[in-house]
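This report refers to the structure that appears directly beneath it.
What follows is calculated from the coordinates using simple rules that are stated; it is not laboratory data. Just so it is clear, the model here is predicted, and its values are computed rather than measured. For neighbour counting, all protein chains shown are included, and Cβ atoms are generated from backbone atoms with ideal geometry for every residue, glycine included.
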Amino acid sequence: MPSFGAKLKLEREKRKITLEQISHSTKIGTRMLQALEEDNFNQLPGGIFNRGFVRAYSRFLGLDEDQTIADYMQASGDAPPVSTEPASREDGSHENATRENQDRENRENRDKDKVSRLEASADAPPRQVPWGVFAGALLVVALALSFWSHRRREYMRQAVRPNSAASATQLSGQASGSDLPTTGSPTTSSPARVSAPSAAPKTSHDLAPASPAAIPGEFTVVIQAREESWTTITADGKTISSELLPAGSERVVRGRKEITVRTGNAGAVDFRFNEKKVDVGGDYGEVKIVTFGPRGILPNAPPPPSTP
């Protein structure tokens with residue numbers, strides 16, 4: 001009669017199945033499977049692991065799993081010994097033998113459960129990273145940042161519009177007042193000056209709209225930003241402001257001797273000298289310095305020569 005391992009090998013070869021195929025499906029090494037077919041049970045881990053190997057092997061071949069395990073236990077010597085005691089043994093001994101058999105069956109059932117759990121965990125696919133959830137969270141964060149940036153830009157534009165509207169209203173009111181007909185009275189009245197709200201502190205060269213002839217000896221320069229531009233304004237040697245002009249805003253500067261404007265986006269800034277538009281040239285993104293005197297634009301002084 002062929003041995004237990006020889007029977008397994010015969011069944012496998014009948015089905016034209018290789019050890020590598022069984023190993024790939026059951027995750028049992030080919031060395032262990034070969035030891036099982038050659039009845040080298042001492043090369044196996046032992047205990048429930050051996051029975052788990054036999055169960056997985058027989059399941060892959062389509063054999064009766066319980067019968068194959070029973071054959072293995074008989075061949076390996078793990079089967080319980082057959083009782084040869086006479087039937088006339090005492091009742092207490094018979095009860096003890098029955099209890100031992102029940103305990104052995106319970107242990108075997110527990111071993112089967114452990115092997116089944118081990119096989120299920122081996123066959124379970126690896127846990128995947130939830131890339132979909134991660135990408136969704138990133139999208140929500142990006143949308144929130146975009147919405148916050150849009151609201152911030154709208155807030156800045158709305159904050160600039162009231163100042164621009166007040167400046168335009170005052171300039172138009174002063175221009176209308178200067179067109180009123182004069183009478184023969186020796187005294188003349190100038191229109192009331194209304195200062196527009198400004199975030200800059202009040203100085204002798206206030207950044208508020210004024211008529212060109214509001215004070216004798218003064219001249220006026222108006223800077224209008226069509227797009228955002230860094231601008232530094234100096235009047236009569238004193239720095240009036242250094243700020244980022246938002247798109248659509250303007251600044252009005254009065255001076256007696258000299259007004260210098262340095263802008264970082266010359267192509268996006270317009271200038272008016274005493275209410276007359278002047279072309280200073282310059283491209284978008286170009287840094288340009290424009291200097292005005294009482295008679296208009298002054299040529300910029302050349303930079304001092306570098307010393308070795």
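Suppose each label sits 7 Å from its Cα in the direction of the beta carbon; what would the residue 158-residue 39 distance come out to in nanometres?
9.3
If you take every residue apart from residue 236 with its C-beta less than 12 Å away from the C-beta of residue 236, what net charge results, scoring Lys and Arg +1 and Asp and Glu -1?
After counting each charged neighbour, the total is +2.
Which value in nm describes the separation of the simple spin-label points at residue 151 and residue 244, placed 7 Å from the Cα toward the beta carbon?
Simple spin-label model gives 1.9 nm for this pair.
Normalised by the residues of the range 1-81, what does the relative contact order come to in percent, with Cα pairs under 8 Å and at least six apart?
29
Roughly speaking, what is the stretch gain from residue 75 to residue 287, that is 0.36 nm per residue apart minus the C-alpha to C-alpha distance, in nm to one decimal?
Between residue 75 and residue 287, full extension yields 66.8 nm more.
What order do you get for 265-273, 143-151 when each peptide is scored by the mean count of other beta carbon atoms within 10 Å, highest first?
265-273, 143-151
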